[in-house]
Structures are given as C-alpha cells and as structure tokens.
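Read through the structure below, which is laid out as structure tokens, and then see the notes.
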Amino acid sequence: MLSSEIIKRPIITEKSMELVEKENKYTFVVDKRANKIQIKKAVEELFEVTVLSVNVLNLKPKKKRVGRYEGYKNEVAKAIVTLDKEDNIEIFSS
C-alpha cells in the first residue's frame, strides 16, 4: 500500500486542534487495513517528521435514516499520531 493510500485525510475539529496545541498529537482518517507500523512510516514519509507513537481507533458504522429508508454510515479508522517536540505538520497550523 502506498503512503498516500494509507492516510486519507486529517481530522480538524476543536478537540483535535486542542491535542495539537497541548500534546503535539495529530489525528488522521486512515485505511482500515493499515497497521500501526504502516501508519507510522506513511506519516514520516509524507510529512518528514519523527513519529513517537501511533494509536488507532476503529469506529463502528452508525445507523442513519432518511424518511423510511435506513442504512449505515461507512466504517472508519482514526489514527492519533504523537510527534517529537520539535516537529509539526503545516496542514494543522493554518
């Protein structure tokens, strides 16, 4: 799997921005099939930073309804990546 396929997009919310400011932790939506080692290598390769740790959350799909039709949202995997103190990612600092 390519690095660009593993990391799909960053998660930019109030809670994730608070983690960036206080603990230098960045949150991404990642491919469900990727493991921690692959995620670490992808972040280091794409953003040229030093990764200290990776935590992965596998979220179950939520049930949604539109009128009488029911379905589910997509299954999502999130990765919270802790970086070295000197490193940062420019996407989140805008």
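Quick note: the coordinates plus some simple rules give every number you see, no bench work behind them. Predicted, not measured: the structure shown is a model, and the values here were computed from it. Note: ideal-geometry Cβ built from the backbone for every residue, glycine included; neighbour counts use all protein chains shown.
Descriptive notes on the structure:
- Helical content of the chain, expressed as a calculated mean residue ellipticity at 222 nm, amounts to -7500 deg cm²/dmol (DSSP H runs of 4 or more residues, -39,500 (n - 2.57) each, divided by residue number, nearest 500).
- Among residues other than N24 with Cβ under 11 Å from its Cβ, the summed charge is -2 (Lys and Arg +1, Asp and Glu -1).
- Loop GluC sites (Glu not before Pro), the chain (other Cβ atoms within 10 Å of the site Cβ: 13 or fewer; DSSP): E48, E75, E86
- Pairs from K41/K63; K32/K62; K36/K63; K22/K62 whose Cα-Cα separation, in the structure shown, is over 25 Å: K41/K63; K36/K63; K22/K62
- With at most 12 other Cβ atoms within 10 Å, longest stretch of the chain clear of loop trypsin sites (Lys or Arg not before Pro) (DSSP): 1-31
- Lysines whose Cα lies under 18 Å from that of K64, excluding same-chain neighbours fewer than 8 positions away: K73
- Neighbour-count order for Y69, Y26, fewest beta carbons within 10 angstrom listed first: Y69, Y26
- Only Lys, Arg (+1) and Asp, Glu (-1) charged, at Cβ; the chain dipole about Cα centre in debye: 1000
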